[in-house]
Amino acid sequence: MRLGYAVPLDTLVTLPRSCEVAARAGFDFLEFPLAPLGLLEGGHEAAVSVLRSLPLPCLVAQSFLPRGLPLTGPDVDRASVRTYLSLAAELCHAVGARKAVFGAAWARNVPDGWDRDRARHQLLQAFSWTAEAFDGSGCVVGIEPQNIKEANIVRTLSEAVGYAAAVNHDAVRVAIDSYHLEEEGTPLAEIGSYGDWILHVQVADSGRQRPGAGSYDFAELARQLASIDYDETLSVEVMHQLSDSDIAASADFLRSIWA
């Protein structure tokens, strides 16, 4: 298993420091955020320069969409969304990212009063645009189910797989996050039903603590991933800045599970 560290929503100024700490801790790659890179504001060149200079390969992207770019409801700006997706795909190709996690509940959530069937159609369209944009980029996008505390649509693993299957394109698969699965009450046994779809795995301990600091059943997660022969990329994602010692402890703990 290749282990990664997902940096919080850092700016380009703080990314190098975060990556240096992760590299010293023994992580294999960086999971970097797309949203704060300012791609629609001309930030592509600066972002590529910084990401290419980091001491770890930027294999996975996350924080897929910036706020203010909704995918459902009456205010969807088709041109801006498609432009952004193209820019994101270009950046991922330029820095060698092989996977991207499409969460962004703030963009996917159905606005109050909006027809849910219409919202589902809008999301399917957005995921299809994503497939078109990332086709040939070398980067595959995983639709991430997010829990009820953050999302009102695409909350379950089966729902995410349903969208990916409907898109029917090699550039779109599914990413899973142990935190979201736990908060949503999704049994880990479901992983075995969707092994062919799982692109990437994010983990945190109970309460979104660093791995090893809580009571999450990592042994069972490891068993379920082994049952589908998954041995690719797995990242720590806690959505807040960890201390240097906690980053190192996270790496050590995960290596004890996935030697």
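Do you know which residues across the range 145-201 are under 23 Å from V238 (Cβ atoms), more than 16 Å from the chain's Cα centre (by Cα) and buried (at least 20 other Cβ atoms within 10 Å of the Cβ)?
Within the range 145-201, just I191 meets the criteria.
Within the range 25-49, which residues are among the hydrophobic types (A, V, I, L, M, F, W, C) and over 30 Å from A259 (Cβ atoms)? Steps first, answer last, please.
Narrowing the range 25-49 to residues among the hydrophobic types (A, V, I, L, M, F, W, C): 25, 27, 29-30, 32, 34-35, 37, 39-40, 46-48.
Those that are among the hydrophobic types (A, V, I, L, M, F, W, C) and over 30 Å from A259 (Cβ atoms): L34, A35, L37, L39, L40, A46, A47, V48.
Kindly indicate whether any position in the range 8-24 is touching a strand residue (DSSP E or B) at 6+ places or on another chain (Cβ under 9 Å), at pLDDT below 95 and under 25 Å from A131 (Cα atoms).
Yes, because at least one residue in the range 8-24 is touching a strand residue (DSSP E or B) at 6+ places or on another chain (Cβ under 9 Å), at pLDDT below 95 and under 25 Å from A131 (Cα atoms).
Take the conditions in contact with a strand residue (DSSP E or B) (Cβ under 9 Å, 6 or more places away or on another chain), within 22 Å of N147 (Cβ to Cβ), of a type in the set (D, E) and in contact (Cβ under 8 Å) with a residue 24 or more places away in the chain and apply them to E237. Does it pass? Give the derivation first.
On the way: in contact with a strand residue (DSSP E or B) (Cβ under 9 Å, 6 or more places away or on another chain): yes; within 22 Å of N147 (Cβ to Cβ): yes; of a type in the set (D, E): yes; in contact (Cβ under 8 Å) with a residue 24 or more places away in the chain: yes.
Judged against the criteria, E237 is a match.
From the residues in the range 216-259 that are under 18 Å from the mean Cα position of the chain (by Cα) and in a loop (DSSP other than H, G, I, E, B), which one is surrounded by the fewest Cβ atoms within 10 Å (Cβ to Cβ)?
H240
For the range 176-200, which residues satisfy the criterion of being in a strand (DSSP E or B) and either at pLDDT below 95 or touching a Ser or Thr at 6+ places or on another chain (Cβ under 7 Å) (or both)?
Answer for the range 176-200, where residues must be in a strand (DSSP E or B) and either at pLDDT below 95 or touching a Ser or Thr at 6+ places or on another chain (Cβ under 7 Å) (or both): just H200.
Looking only at the range 19-60, which residues are farther than 21 Å from A89 by Cβ and crowded, with 22+ Cβ neighbours inside 10 Å?
C19, A22, F27 - these are the residues of the range 19-60 that are farther than 21 Å from A89 by Cβ and crowded, with 22+ Cβ neighbours inside 10 Å.
The values are calculated or read from the model by the stated rules, or taken from the named source; none is laboratory data. If you're wondering where the values come from, they're calculated on a predicted model, not measured in any experiment. Heads up, the Cβs are rebuilt from the backbone with ideal geometry, glycines too, and the neighbour counts pull from every protein chain shown.
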